[in-house]
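Here's the structure, in structure tokens; my notes come after.
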Amino acid sequence: MLQKLSSFPGVPGPVVIIVMDGYGLPKNDLGSAIAAARKPTLDGLFAHYSNVRLKAHGTAVGMPSDDDMGNSEVGHNAIGAGQVYAQGAALVAQAIASGSLWQGDGWRQVVDGVKQGANGRPGVLHFLGLFSDGNVHSHIDHLKAMVTQAKAEGIATVRIHVLLDGRDVPETSALDYVTPFEAFLADISDAGFDARIASGGGRQVITMDRYEANWAMVAAGWKTHVLGEGEQFPSTTAAIQALRQSHPGTIDQDLPPFVIAQDGQPLGPIQDGDGVIFFNFRGDRAIEISRAFEEEHFDKFDRVRHPRVTYAGMLQYDGDLQLPRRYLVAPPAIQNTMGEWFAKAGVTQFACSETQKYGHVTYFWNGNRSGKFEGETTQEVPSDVVPFEQRPWMKSAEIADAMIAAVKSGKHKVLRCNFANGDMVGHTGNFRAATLAVEAVDLALERLLPVIDAAGGIALITADHGNADEMYELDKKTKQPAKNKDGSYKAKTAHTLNPVPLILYDNVSGGKLSLKQTEQAGLSNIAATVANLIGLEKHPSWDESLLEIR
Ligand SMILES: O=C(O)[C@@H](CO)OP(=O)(O)O
Ligand SMILES: [Mn+2]
Ligand SMILES: [Mn+2]
């Protein structure tokens, strides 16, 4: 049980944690949509309220190295769990380095299933996933290691289905990955081993939908990878070049699906007896396609064919649903989350976001579990299904409405929400839209904060990682914004390595409370800070609280 704090009885009203997704603290104003935005509320918060900087990338959130940017999964896991776990990216890299991945039941079953095949033919081993080295959802090195091992295991045919990134890596970098990878495949293939790319498309167009925002994306992915139907090209390089020409200005994540074919026949439709490994380690965008492969009775779209395959995820993506059943690497065993311990202490909780980030404040927050704790209420505001540069305000107003109503209801002691704008619009690379995104969040805060005051409450305003703070690619050597040949700045769509703010919005303690800046302060210090704000000691496994009580 969490113990009462002796030095402070807790704030009288609610504690509200507001995550501004993708709101980092920029090093330069040039290229920062946050610096460019008119945001009087946030400016006032930074000027007049206690605030500190938190680490939100690299090893501070369980990534393999400090060159790894932060992302929503690791960020919300760290906030919700109050501690740092080695995350999927690190766990998979370790399992490959030690060779334990090849000994695991998941890998062994897939290999056996492929060797057994069906209908008198050996199976094909398919790899499907995000094709880059972004290390947010996947890493191409993991894929290479698996293709190499498949050959060593005596598998004859490998087919790869590539989701083009341009969101965790530069926006038109697909060929930087495809060209060397096709050379690697040509090199490793021989008379007894045939490994080729069979299909693909932009990650924002097929397969990698999340939180059931748009099942049509998954249906389009199924048609491409499984049925092998769609526009045909002789190679992936040819497909990307042709699609860029027929869709001028379209960045990698938005390129249409393509099928690689020879003599009019698709190279790698998925058949009975095949093995399929979805090689993303991160779960949000892996769950829907995994369901399409695994579920016997499935009504989200017409699969036309449901091949009998041995399916495995790189990790298990949902611990409550045990989804998928088979996986290659055990996920981080996230325990003792603040959701769980507040529930045990009888603290009521409320969580809200729009669809695009709904699972971030529920499933990621609660340690990659989709279930609910006692006394926990959640509310999802349906997201628009549009390119977000066309609606940079997204559902910020509706989330503010829901939070205002939830605070006013007096039913919840700890509330949390996520404003998706800085991140989702930041990912489009559209600077003008990203400034509007930040302004929309500022307006939402302006409406919500006075309601928290009236309820005798306090807010912690923070972010999970940067994005809108750096909308231009930085030159690798000079670290200054890089330019295109025509002199314009190179748009950046990825997250950043910048720290994020933690602001204590407190008009109730009479100056008794403030935040302390420590060298190591990171997202994992938030849970203990919230516990102290409601008058409880932190859980022993949580990182230190940043709250100072006078
Ligand atoms: O859109 C996503 O899947 C990732 C970027 O790959 O962003 P976030 O971590 O903010 O959800
Ligand atoms: Mn995020
Ligand atoms: Mn993002």
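Scanning the range 304-311 for any residue that is over 28 Å from Phe278 (Cα atoms) and open to solvent by less than 30 Å² (accessible area, probe 1.4 Å) turns up nothing. Among the residues of the range 285-303, not a single one is touching a strand residue (DSSP E or B) at 6+ places or on another chain (Cβ under 8 Å), in a loop (DSSP other than H, G, I, E, B) and farther than 21 Å from Val92 by Cβ. Restricting attention to the range 217-257, the residues being hydrophobic (A, V, I, L, M, F, W, C), in contact with a Phe, Trp or Tyr (Cβ under 7 Å, 6 or more places away or on another chain) and either closer than 15 Å to Thr172 by Cβ or part of a loop (DSSP other than H, G, I, E, B) (or both) number 3. Run down Asp464, Asp384, Asp423 and say which single residue is outside any helix (DSSP H, G or I), of a type in the set (D, E, K, R) and within 16 Å of ligand 3 (Cβ to nearest atom). The conditions single out Asp464. Between Asp453, Asp469, Asp442, Asp486, the distinction of being touching a Lys or Arg at 6+ places or on another chain (Cβ under 6 Å) and outside any strand (DSSP E or B) belongs to Asp442 only. Just the residues that are under 17 Å from the mean Cα position of the chain (by Cα), part of a loop (DSSP other than H, G, I, E, B) and more than 16 Å from ligand 2 (Cβ to nearest atom), please, taken from the range 119-146. If the condition is that a residue be under 17 Å from the mean Cα position of the chain (by Cα), part of a loop (DSSP other than H, G, I, E, B) and more than 16 Å from ligand 2 (Cβ to nearest atom), then Ser132, Asp133, Ser138, His139 are the ones that fit. Taking each residue of the range 320-341 that is within 19 Å of Gly106 (Cα to Cα) and open to solvent by less than 40 Å² (accessible area, probe 1.4 Å) and looking for partners that are modelled with pLDDT under 95 and among the hydroxyl-bearing types (Ser, Thr, Tyr) with beta-carbon atoms closer than 9 Å, six or more apart or interchain, yields Leu323/Ser370. Here the range 463-482 is the region considered, the condition is being at pLDDT below 95 and charged (D, E, K, R), and the residue that is nearest to ligand 1 (Cβ to nearest atom) is Lys476. In this structure, Tyr363 qualifies as open to solvent by less than 20 Å² (accessible area, probe 1.4 Å), assigned to a helix (DSSP H, G or I), within 16 Å of ligand 2 (Cβ to nearest atom) and hydroxyl-bearing (Ser, Thr, Tyr). Quick check: is even one residue across the range 64-78 outside any helix (DSSP H, G or I), more than 29 Å from Ala468 (Cα to Cα) and either of a type outside the set (Phe, Trp, Tyr) or within 16 Å of ligand 2 (Cβ to nearest atom) (or both)? No: zero hits. Residues to consider are Gln87, Gln83; find the one that is within 30 Å of Glu470 (Cα to Cα), away from ligand 1 (no atom under 16 Å from the Cβ) and touching a residue at least 12 places away in the same chain (Cβ under 8 Å). Checking each option against the conditions leaves just Gln83. With the checklist (1) under 19 Å from the mean Cα position of the chain (by Cα); (2) outside any helix (DSSP H, G or I); (3) away from ligand 2 (no atom under 16 Å from the Cβ); (4) under 30 Å from Asp302 (Cα atoms) in hand, flag the one item Arg167 doesn't pass. Going through (1) under 19 Å from the mean Cα position of the chain (by Cα); (2) outside any helix (DSSP H, G or I); (3) away from ligand 2 (no atom under 16 Å from the Cβ); (4) under 30 Å from Asp302 (Cα atoms) one by one, Arg167 breaks only (3). Just one of the listed residues (Gly410, Gly367) is under 21 Å from Leu523 (Cβ atoms) and of a type outside the set (A, V, I, L, M), and it is Gly367. All conditions in (1) outside any helix (DSSP H, G or I); (2) touching a residue at least 12 places away in the same chain (Cβ under 8 Å); (3) surrounded by fewer than 24 Cβ atoms within 10 Å (Cβ to Cβ) hold for Tyr23, with the sole exception of (3). Of all residue pairs spaced 6 or more apart or on separate chains, those with beta-carbon atoms under 6 Å, a first member in the range 286-308 that is farther than 23 Å from Gln204 by Cα and a second member that is of a type in the set (Val, Ile, Thr) and part of a loop (DSSP other than H, G, I, E, B) are Pro307/Ile270. Residue selection: Ile206 fails the criterion of being part of a strand (DSSP E or B) and open to solvent by less than 30 Å² (accessible area, probe 1.4 Å).
Of the residues in the range 496-504, none is without any contact (Cβ under 8 Å) to a residue 60 or more places away in the chain, open to solvent by 10 Å² or more (accessible area, probe 1.4 Å) and on the phi < 0 side of the Ramachandran plot. The set of residues in the range 270-284 that are open to solvent by less than 30 Å² (accessible area, probe 1.4 Å) and either out of contact with any Ser or Thr (no Cβ under 7 Å at 6 or more places or on another chain) or assigned to a strand (DSSP E or B) (or both) comprises Ile270, Gly273, Asp274, Gly275, Val276, Ile277, Phe278, Arg282, Gly283, Asp284.
For the range 35-75, filtering for residues that are open to solvent by 30 Å² or more (accessible area, probe 1.4 Å) and within 14 Å of the chain's Cα centre (by Cα) leaves 1.
The values are calculated or read from the model by the stated rules, or taken from the named source; none is laboratory data. What you are looking at is a predicted structure, and each value in this text was computed from that prediction instead of being measured. Cβ atoms come from the backbone with ideal geometry, glycine included; neighbour counts cover every protein chain shown. What goes into the accessible areas is simple: the full protein's heavy atoms, side chains included, and nothing from ligands, DNA or RNA. Shrake-Rupley method; radii C 1.70, N 1.55, O 1.52, S 1.80 Å.
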